[in-house]
Amino acid sequence: MKIVKKGISVALALVIAQSAAFTSYGVGSIYACAASSQMYSSSVKTNTSSPSKVTLSKSSANLVVGKTLTLKATVSPAGVSSELKWTSSNTKVVTVDANGKVKAVGKGIANVTVKTSNGKTAVCMFTVITEQEAFADEVLKLVNAERAKVGAPKLRINAGLAKASNKRAVELYTKFSHTRPNGSQWYTVLKEYSVSYSSCAENIAYNYDTPKEVVAGWMKSSGHKKNILNPKYTKIGIGYYKNGDRVYWVQLFSN
């Protein structure tokens, strides 16, 4: 079945299970990269007593590459004066300036530490993900919220489906269709990533700027909505690709 309407399209296939098994999917892998540390200083003006501790406004935070977040350091007891030194454990992941402003520069995990003049420290752990991963996470939340309304089980990200959906998103730039640029049908991509299935479906869309917009668009189409709410599907892959002013989205479902 294939439906095309206002920049979205849906396909459904029922096929014999492939021999390869699904693989599990994990998000937030730790990247251990050698990097020079970074240090900046600022100060809090008060009396001459020594700080007993320093705390940060956050102990952990998630950031998307390119985004920023400013940490607030509080020295105790109140009124104590201390120079504050800020460091990043991995400047390939996050950088920090003298005012505690943190910028995400690459995918991974890194700690930002603030240190007083007498050695008291506080740490915030940052997990940095790509925009593609952030959008996929948001689409999954929105889809599962719709499924919960009808009593369908939650979908879970599958590693093979995720890779396949991202490849399909790139292919849509060349040809917006359930037929791939090489002329084969969309579901042939699943074999390339060792995804086994007995039934599967694909939703595609273009020129929706946000996860909220694309899910709303799919839910307004009966064919796409049927795939999203189908209780027999338990796994999903979500693809996102942007090229210039064109944005492409893919959902791949399987049981």
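Please tell me if Ser165 is open to solvent by less than 10 Å² (accessible area, probe 1.4 Å) and in contact with a Gly (Cβ under 9 Å, 6 or more places away or on another chain). Yes.
For the range 174-183, enumerate the residues that are open to solvent by 30 Å² or more (accessible area, probe 1.4 Å) and either farther than 23 Å from Lys225 by Cα or in a loop (DSSP other than H, G, I, E, B) (or both). If the condition is that a residue be open to solvent by 30 Å² or more (accessible area, probe 1.4 Å) and either farther than 23 Å from Lys225 by Cα or in a loop (DSSP other than H, G, I, E, B) (or both), then Thr174, Lys175, Phe176, Pro181, Asn182, Gly183 are the ones that fit. Among the numbered conditions (1) aromatic (Phe, Trp, Tyr); (2) under 24 Å from Thr130 (Cβ atoms); (3) open to solvent by 10 Å² or more (accessible area, probe 1.4 Å), tell me where Phe253 comes up short. It fails just one condition, (3). Can you tell me how many residues in the range 131-173 are touching a strand residue (DSSP E or B) at 6+ places or on another chain (Cβ under 7 Å) and not in a helix (DSSP H, G or I)? Within the range 131-173, residues that are touching a strand residue (DSSP E or B) at 6+ places or on another chain (Cβ under 7 Å) and not in a helix (DSSP H, G or I) number 4.
A single entry from Tyr187, Tyr197, Tyr208 fulfils the requirement of being surrounded by 14 or more Cβ atoms within 10 Å (Cβ to Cβ), among the aromatic types (Phe, Trp, Tyr) and in contact with a helix residue (DSSP H, G or I) (Cβ under 6 Å, 6 or more places away or on another chain): Tyr208.
Looking at Thr68, Thr48, Thr55, just one residue is open to solvent by 70 Å² or more (accessible area, probe 1.4 Å) and either at pLDDT 95 or above or closer than 14 Å to Asn111 by Cα (or both), and that residue is Thr68. Do we have any residue at all in the range 220-233 that's open to solvent by 60 Å² or more (accessible area, probe 1.4 Å), under 20 Å from Thr130 (Cα atoms) and in contact with a Phe, Trp or Tyr (Cβ under 8 Å, 6 or more places away or on another chain)? No; the residues of the range 220-233 include none that is open to solvent by 60 Å² or more (accessible area, probe 1.4 Å), under 20 Å from Thr130 (Cα atoms) and in contact with a Phe, Trp or Tyr (Cβ under 8 Å, 6 or more places away or on another chain). Look at the range 73-111 and say how many of its residues are part of a loop (DSSP other than H, G, I, E, B), of a type outside the set (A, V, I, L, M) and open to solvent by 60 Å² or more (accessible area, probe 1.4 Å). Within the range 73-111, residues that are part of a loop (DSSP other than H, G, I, E, B), of a type outside the set (A, V, I, L, M) and open to solvent by 60 Å² or more (accessible area, probe 1.4 Å) number 5. For the range 112-127, the criterion of being more than 30 Å from Ser52 (Cα to Cα) and either free of Cβ contacts under 8 Å to residues at least 24 places away in the same chain or not in a helix (DSSP H, G or I) (or both) is met by none of the residues.
The values are calculated or read from the model by the stated rules, or taken from the named source; none is laboratory data. The model shown is predicted, which means the values in this text are computed figures rather than measured ones. Positions of Cβ are generated from backbone atoms using ideal geometry, with glycine treated the same way; all protein chains shown enter the neighbour counts. For accessibility, only protein heavy atoms count, side chains too; no ligands or nucleic acids. Shrake-Rupley method; radii C 1.70, N 1.55, O 1.52, S 1.80 Å.
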